[in-house]
1. Take the alpha-carbon positions of the stretch 25-184, form their convex hull, and give its projected area averaged over all directions (one quarter of the hull surface) in nm².
2. Which trypsin sites (Lys or Arg not before Pro) does the stretch 244-305 hold that lie in a coil by DSSP with at most 13 other beta carbons within 10 Å?
3. With a Cα-only, solvent-free Debye model of the chain, what are the log10 I(q)/I(0) values at q = 0.15 Å⁻¹?
4. Evaluate the charge dipole of the stretch 135-285 about its Cα centre and quote only its size in Debye, nearest 20, assuming +1 on the Cβ of each Lys and Arg and -1 on the Cβ of each Asp and Glu.
5. For R206, what charge total do you get from the other residues with a beta carbon under 13 Å from its beta carbon, if Lys and Arg give +1 and Asp and Glu give -1?
6. Once you have the alpha carbon radius of gyration of the stretch 135-285, what is it after dividing by 2.2 N^0.38 Å, with N set to its residue count?
7. If amide H atoms are built 1.01 Å from N in the plane of the peptide, which residues on other chains or at least 5 residues away come under 5 Å of the amide H of A127?
8. Would you look at the GNM of the chain, springs on alpha carbons closer than 10 Å, and say which of S271, S117, S87 moves the most?
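Rule-based calculations on the coordinates, nothing more; no lab input. None of the values given here were measured: they were computed from a predicted structure. With ideal geometry, Cβ positions are generated from the backbone for all residues, glycine too; neighbour counts draw on all protein chains shown.
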Amino acid sequence: MLGKNLIRIRELNAQDITDILDQAEAFMSILDRDIKKVPTLRGKVIVNLFFEPSTRTRTSFELAGKILSADVVNISKSTSSAVKGESFKDTALTIKSLGADMIIVRDSHTGVPELLSRYGPFKVINAGDGSGEHPTQALLDMFTIRRRKGAIEGLDVSIVGDIAHSRVARSNIYALTKLGARVNLVAPPTLIPRFVESLGVNVYHRLEDIYDKTDVLYLLRIQREREKASMFPSLREYATLYGVSQKKLANFDREVLVMHPGPINRGVEISADVADSVSSLIEEQVRNGVVVRMAILFLMARKGD
Ligand code: CP
């Protein structure tokens with residue numbers, strides 16, 4: 001159930017996810033207006049606490065909060081007192097004292113949003129924790145797929161790339177399976193987490209294996225920054241075997257929609273001709289991120305403490 005905090009998709013059920021997507025749909029008309037501003041969260045203080053780099057998530061949360069008339073404050077690690085040795089707990093207590101109603105947190109360590117929630121009464125939204133989860137990315141992805149395909153139930157969604165280090169993959173696997181999609185994972189064995197089949201997904205190691213079972217092709221970046229050792233010989237070899245080009249897209253037996261959470265590495269997991277093609281939903285995902293995050297802020301602000 002959507003509770004006081006949003007930390008993991010794993011804790012939501014299909015109805016919770018659908019409620020968020022429906023609310024986002026209801027907010028779409030605000031973005032078409034000349035003046036994109038409604039008073040819904042006037043007087044609320046939202047802190048974006050980003051201890052790991054971000055372009056899309058941080059900016060879209062900031063825009064979402066501002067469109068809903070909240071006061072939004074951004075804190076990044078490099079400009080915070082964390083660089084002077086302040087502990088995470090003391091940073092959290094400081095932000096609490098400054099009157100935050102909600103904190104949106106990103107950190108390279110799994111579990112930080114949960115830890116932060118202990119220092120409340122503020123509400124916490126996970127904007128990506130290490131290799132843990134990235135729930136708001138999965139929600140905007142569900143919204144994007146539902147808008148294009150009408151429904152998620154019954155679709156074949158193939159996730160290709162660095163599944164082992166990907167919080168996006170984990171949150172999307174939970175969201176897609178809860179909503180009734182069939183999920184295929186494709187990667188070299190070293191980039192597939194052990195026991196992942198227990199989540200109700202199919203595992204493959206060759207792109208050819210999913211040519212006849214894909215409606216949505218969800219590509220992931222190789223996260224070299226999270227690898228403890230090299231998981232495959234070279235990026236060039238990875239690109240040859242798993243990178244998706246227009247030539248490879250032509251082998252799929254259906255018209256495939258291509259998605260990617262960004263940032264993309266052109267020429268590695270996705271070729272420029274695919275990234276810039278009509279099959280690509282990458283820019284649509286980014287646009288939808290604002291309205292889905294508006295829905296999340298709105299629904300969470302209504303939740304009692
Ligand atoms: N998809 C995503 O989380 O992108 P950013 O790292 O730019 O926020």
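1. Averaged projected area of the stretch 25-184's Cα convex hull equals 10.7 nm².
2. Working: sites: K247, K248, R254, R266, R287, R293, R302, K303; in loops: R254, K303.
Listed in order of number, the matching sites are R254, K303.
3. One equal scatterer on each Cα of the chain leads to -1.19.
4. 380 debye
5. -1
6. Compactness ratio reported: 0.95.
7. Amide H to amide H, under 5 Å and 5 or more residues apart or across chains, A127 pairs with V105, R106.
8. S87
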